[in-house]
Amino acid sequence: MKLLKMMMMTSAMGLLLVATPGYAQTPPAGQKPEQQKPATPPIGTPPATAAPAPAPKPPAPFPEGAKFAFIDIQAVASNSAEGKAATAKLDELRKKKNTELLAKSNALKAMQDKLQSGGSVLNDAARSQLEKDIEKGQRDLQYAQTDAQTEVQDLTNQLQGEFQDKLNPVIEQLRADKGLLFIFSIRDSGIIAAEPGLDLSSEIIKRFDAASKTAPVKK
């Protein structure tokens, strides 16, 4: 069963972004260097995203004889133990990468400041070497940003796959237990109105958490 547009980690899927400071050009002889714009540090929080789904309300009675039901995947991801654990892993990685990017950004800014403040007193060799170091620092920062984005996205994809693989059997077992023909993902189905009792999100979360506690630990 394919779970479309899973929102299991809405707050953690933002990619890291860092602006590369502009290269400080050498001012003409006798001219005071222009004020350099400070380096933009890595964004410490992800871009604005959709608000996490609220905790499911107490379930209404399931309609007797119903053959269809639905669940809110975002609610399951936001409120289940597996979803919260995945979000925590992504938050930890993003924080680590932002710290690394901030360090590189600050180091680059320090070199730019040095070139600005000492540009008129540095000899040609020292100025040339500092300019080369700044160029290298800019390239390193850009590469580090790309690598960080890739690493965060790779972990996101991995955790989403693991989440879906663990959740699917729980959904299928609930479908079989209730004798249902279908369980829809309400956010992907196009349904705009439904009997509240057909929402099995709370039951799925309970079963999912119970299955997570009893699942064998991988060695």
>> Here is a list: K104, K114. Which entry is within 23 Å of the chain's Cα centre (by Cα) and either at pLDDT 95 or above or under 23 Å from R139 (Cβ atoms) (or both)?
In response: K104
>> Among (1) at pLDDT below 95; (2) of a type in the set (D, E, K, R); (3) touching a Ser or Thr at 6+ places or on another chain (Cβ under 9 Å), there is one condition K84 misses while meeting the rest; what is its number?
In response: (1)
> Which residues, taken from the range 59-86, are part of a loop (DSSP other than H, G, I, E, B) and more than 14 Å from K166 (Cα to Cα)?
Replying inline: P59, A60, P61, F62, P63, E64, G65, A66, K67, D72
> Could you count how many residues in the range 179-205 are touching a Pro at 6+ places or on another chain (Cβ under 8 Å), in a helix (DSSP H, G or I) and closer than 12 Å to V76 by Cα?
Replying inline: 4
> Among the residues of the range 147-198, which ones are touching an Asp or Glu at 6+ places or on another chain (Cβ under 7 Å) and within 16 Å of P63 (Cα to Cα)?
Replying inline: L174
>> Every residue in the range 160-184 that is surrounded by 14 or more Cβ atoms within 10 Å (Cβ to Cβ) and over 15 Å from S80 (Cβ atoms), please.
In response: R175, K178, L180, I183, F184
> How many residues, within the range 134-143, are surrounded by 13 or more Cβ atoms within 10 Å (Cβ to Cβ) and without any contact (Cβ under 8 Å) to a residue 60 or more places away in the chain?
Replying inline: 2
> Out of (1) out of contact with any Leu (no Cβ under 6 Å at 6 or more places or on another chain); (2) surrounded by fewer than 19 Cβ atoms within 10 Å (Cβ to Cβ); (3) in a helix (DSSP H, G or I); (4) in contact (Cβ under 8 Å) with a residue 40 or more places away in the chain, what's the single condition that is false for K96?
Replying inline: (4)
> Of the residues that make up the range 118-133, is at least one in a helix (DSSP H, G or I) and either crowded, with 20+ Cβ neighbours inside 10 Å or in contact (Cβ under 8 Å) with a residue 60 or more places away in the chain (or both)?
Replying inline: yes
>> It is to be established whether one or more residues within the range 149-157 are buried (at least 16 other Cβ atoms within 10 Å of the Cβ), within 24 Å of the chain's Cα centre (by Cα) and assigned to a strand (DSSP E or B).
In response: no
> Which pairs do you get when a residue that is under 20 Å from N98 (Cβ atoms) and in contact (Cβ under 8 Å) with a residue 40 or more places away in the chain, found in the range 152-167, comes within reach of a residue that is of a type in the set (G, A, S) and surrounded by 18 or more Cβ atoms within 10 Å (Cβ to Cβ), reach meaning Cβ atoms under 7 angstrom, with the pair 6+ apart or on two chains?
Replying inline: L159/A86
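The values are calculated or read from the model by the stated rules, or taken from the named source; none is laboratory data. Note that the structure is a prediction, hence the values are computed from the model and not measured. All Cβ positions, even for glycine, are placed from backbone atoms using ideal geometry, and neighbour counts span all protein chains on display.
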